[in-house]
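Chemist: I am attaching a structure below and will ask some questions about it afterwards.
The values are calculated or read from the model by the stated rules, or taken from the named source; none is laboratory data. The structure presented is a predicted model; accordingly, all values stated were derived computationally and were not measured. Here Cβ is always computed from backbone atoms with ideal geometry, including for glycine, and neighbour counts include all displayed protein chains.
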Amino acid sequence: MIYIDPPYNTGKDFVYPDNFKEGLQNYLEFSQQVDEGNKKISTNTETAGRYHSNWLNMMYPRLKLARNLLTDDGVIFISIDDAEQANLKKMCDEIFGEGSFVGIFIRRTINSGKQDSVILANYHEYLLAYARNINQIDLNRRAKTEEERRKLYPLEDNYLITRGRYYISQLDKGSIQYSDSLNYPILAPDGTEIWPGSGFDDKTRVFRWSKDKVKWGMDNDYIVFKKMSSGWKVYAKSYEFRDNSDNIINPSNPYTSLDFISKEYSNFNATPGLMKMFNGKNYFNFPKPVPYLEDLLLYATKGNSIILDFFAGSATTAHAVMQLNAEDGGNRKHIMVQLPEPTDEKSEAFKAGYKKISDIARERINRAGEKIKADFADKLAEREIPLDVGYRTYKLADTNFTKWQSAPTGDLTELQARLDLMRESSNDNASEEDLLVEVLLKMGLPLTTRTKTVDVDGLHVYQVVAEGDSSEGQPVLYLNERAKPTLEQLRAIITDLTPSKFVILDDAFQGDNQLKTNLVQTCKSYDVELWTV
Ligand SMILES: C[S@@+](CC[C@H](N)C(=O)[O-])C[C@H]1O[C@@H](n2cnc3c(N)ncnc32)[C@H](O)[C@@H]1O
């Protein structure tokens, strides 16, 4: 599932304008809200000539990518208000396809106020939902609340504990197609025959259940008889937690587009909660309420789903994922992406040391994780797989390996300088961890890959840890360009750790080609794939 809450383009919110012709540096400059002259760029104002285009240009590539990232059964939810709802709907129809439209939900934003509104006091916003493939989605139903169940199932019998409460409904019905097999008598407790409708000749009504099913119902207390002034009537019981074949059920309704209009989902249930986590301080404006995200997760995820939010803000989505996992025993994972947008220097957040929005998000995840662990301590102790409230954090950065500057040049000195640069393969300032992450990605391994450090014959190497904590045959990496290894040390790595693949920094050979050739031979003879980077 993907949930996003992009800037609504109200004229006041920050919308970073993309320019895909420029590189990472340009992106970072913009996202830090300063231009080359160190001037603030910030908001997309209504007076800007390309007001809607700016916003749409920003959203379009992100949504295109989002579609590619969705699984076949995945759904994307997008929060939006009137400013861009109509444009967003059209754009999503184009990107996801009109046939992939799941629906538009209404969310109550405020509970009261706006008494000075002249035209309309607007109390809601929207949530657009699109599927990657409408035929493959597997959305959940909403569990009936205790209140709904009390209303629907008012009666109790001896089976309260196992079957729950129940209601009764007449067993004969007029809306069913007439059939001789459903027109038969049932014996009342005093032996009187009960026929559907007014009797054998009444072809307007039949029983809903077959003769055998009624026998089963009577044997298992699913049938009730009532003596009315007009005679005996027969009823079937419908229980809260059993269907009429005694199978266990969870009473539920389909989600509706009006499911988020209660106060619980409004902004009044968002900011105060976040402020409470930060000792009463308001560090982030307009977070979404945690219960709202939790309900969306209940609707569109399973216990092991991955949830992505690439307009993460204060990371409400991550909070809801952890909270719901604690509540229902799930192991959902989240990926939060946040632009390196700085906080306003005059804001409480900045003064408290949160220089970027992502700093607030990380601290929120930390604090929410600790609170959830304390609040659900008893429940968590019973889990087979412990609740995971940890996360890794990565920054978008340029490569740590030397790139060939491909822009043509006729200047010989420039060309020489470029060639000199190519003599070193990796950036001297990069840490081993930086190199490790990049190489793992180049190897096609995910950012969640676990590694361990191992000392072999005085060399510090990294080895991938596979599921089940085993490192047997897993890739090994040597990424220290400052300590040139000996052939004996390299051979020890191969024989002690028996990796399938050995990755070594080219700079680690420090120009010793013989050492490199010997390593190639060693790897060949032990059937180990060698990668130099
Ligand atoms: C409304 S906030 C999301 C709030 C979040 N749902 C929460 O509950 O905390 C929108 C986020 O979009 C980010 N943003 C603004 N322009 C962006 C852009 N062009 N690309 C990516 N993120 C952007 C902002 O930094 C902000 O954190």
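Let's see how each residue does on (1) under 22 Å from the mean Cα position of the chain (by Cα); (2) within 16 Å of the ligand (Cβ to nearest atom); (3) closer than 23 Å to F260 by Cα; (4) part of a strand (DSSP E or B):
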| site | (1), (2), (3), (4) |
| --- | --- |
| L63 | yes, yes, no, no |
| A66 | yes, yes, no, no |
| T71 | yes, no, no, no |
| S79 | yes, yes, yes, yes |
| K89 | yes, no, yes, no |
| I95 | yes, no, no, no |
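Chemist: List every residue pair whose Cβ atoms lie under 7 Å apart, where the two residues are 6 or more positions apart in sequence or sit on different chains, the first residue falls within the range 72-87 and is under 21 Å from N267 (Cα atoms), and the second residue, located anywhere, is assigned to a helix (DSSP H, G or I).
Modeler: Short answer, once both residue conditions are applied: F77/L296; I78/L88; I80/L88; E84/W55.
Chemist: Now for a separate question. Is there a residue being small (G, A, S), out of contact with any Leu (no Cβ under 7 Å at 6 or more places or on another chain) and farther than 30 Å from L70 by Cβ anywhere in the range 327-343?
Modeler: For the range 327-343, residues small (G, A, S), out of contact with any Leu (no Cβ under 7 Å at 6 or more places or on another chain) and farther than 30 Å from L70 by Cβ: absent.
Chemist: Considering only the range 328-377, state which residues are within 16 Å of the ligand (Cβ to nearest atom), under 17 Å from F311 (Cα atoms) and of a type in the set (D, E, K, R).
Modeler: E341, K356, D359, R362, E363, R364
Here's the yes/no breakdown for (1) in a loop (DSSP other than H, G, I, E, B); (2) at positive phi; (3) crowded, with 17+ Cβ neighbours inside 10 Å:
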| position | (1), (2), (3) |
| --- | --- |
| D190 | yes, no, no |
| D202 | yes, no, no |
| D212 | no, no, no |
| A236 | no, no, yes |
| G273 | no, no, no |
| N279 | yes, yes, no |
| N282 | yes, no, no |
| F286 | yes, yes, no |
| Y299 | no, no, yes |
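Chemist: Considering only residues that are closer than 12 Å to Y123 by Cα, assigned to a loop (DSSP other than H, G, I, E, B) and within 15 Å of the ligand (Cβ to nearest atom), which ones fall in the range 258-271?
Modeler: Across the range 258-271, the qualifying residue is only S266.
Chemist: How many residues are under 14 Å from Y462 (Cβ atoms), in a helix (DSSP H, G or I) and in contact with a Phe, Trp or Tyr (Cβ under 8 Å, 6 or more places away or on another chain) if we restrict to the range 487-502?
Modeler: Selection size over the range 487-502: 1.
Chemist: With a cut-off of at least 2 residues that are within 22 Å of K302 (Cα to Cα), name the helices (runs of 4 or more DSSP H) lying wholly within the range 327-390.
Modeler: Result: 357-375, 377-381.
Chemist: In the range 431-442, is there at least one residue being in a loop (DSSP other than H, G, I, E, B), outside the structural domain of M322 (by TED's automatic domain parsing) and either at pLDDT below 85 or loosely packed, with under 10 Cβ neighbours inside 10 Å (or both)? Break it down stepwise before answering.
Modeler: Keep residues of the range 431-442 that are in a loop (DSSP other than H, G, I, E, B), which gives 431.
Keeping just the survivors that are outside the structural domain of M322 (by TED's automatic domain parsing) gives 431.
So of that shortlist, the ones also either at pLDDT below 85 or loosely packed, with under 10 Cβ neighbours inside 10 Å (or both) come out as none.
Taking every residue of the range 431-442 in turn, none turns out to be in a loop (DSSP other than H, G, I, E, B), outside the structural domain of M322 (by TED's automatic domain parsing) and either at pLDDT below 85 or loosely packed, with under 10 Cβ neighbours inside 10 Å (or both).
Chemist: Is it fair to say D398 is touching a Leu at 6+ places or on another chain (Cβ under 9 Å), assigned to a loop (DSSP other than H, G, I, E, B) and outside the structural domain of N304 (by TED's automatic domain parsing)?
Modeler: yes
Chemist: A further question follows. Got a sec? Which of I261, I223 is closer than 20 Å to K151 by Cβ and at pLDDT 95 or above? Lay out the reasoning, then the answer.
Modeler: Numbers: I223 fails: closer than 20 Å to K151 by Cβ.
I261 is the lone residue from the list that is closer than 20 Å to K151 by Cβ and at pLDDT 95 or above.
Chemist: So, one more: For N325, all conditions in the list (1) within 14 Å of the ligand (Cβ to nearest atom); (2) crowded, with 18+ Cβ neighbours inside 10 Å hold save one; what is the number of the exception?
Modeler: Every listed condition holds for N325 apart from (1).
Chemist: Return yes or no: is S314 near the ligand (Cβ under 9 Å from one of its atoms) and not in a helix (DSSP H, G or I)?
Modeler: Yes, satisfied.
Chemist: For the range 511-531, check the following and say yes or no: at least one residue is without any contact (Cβ under 8 Å) to a residue 24 or more places away in the chain and small (G, A, S).
Modeler: yes
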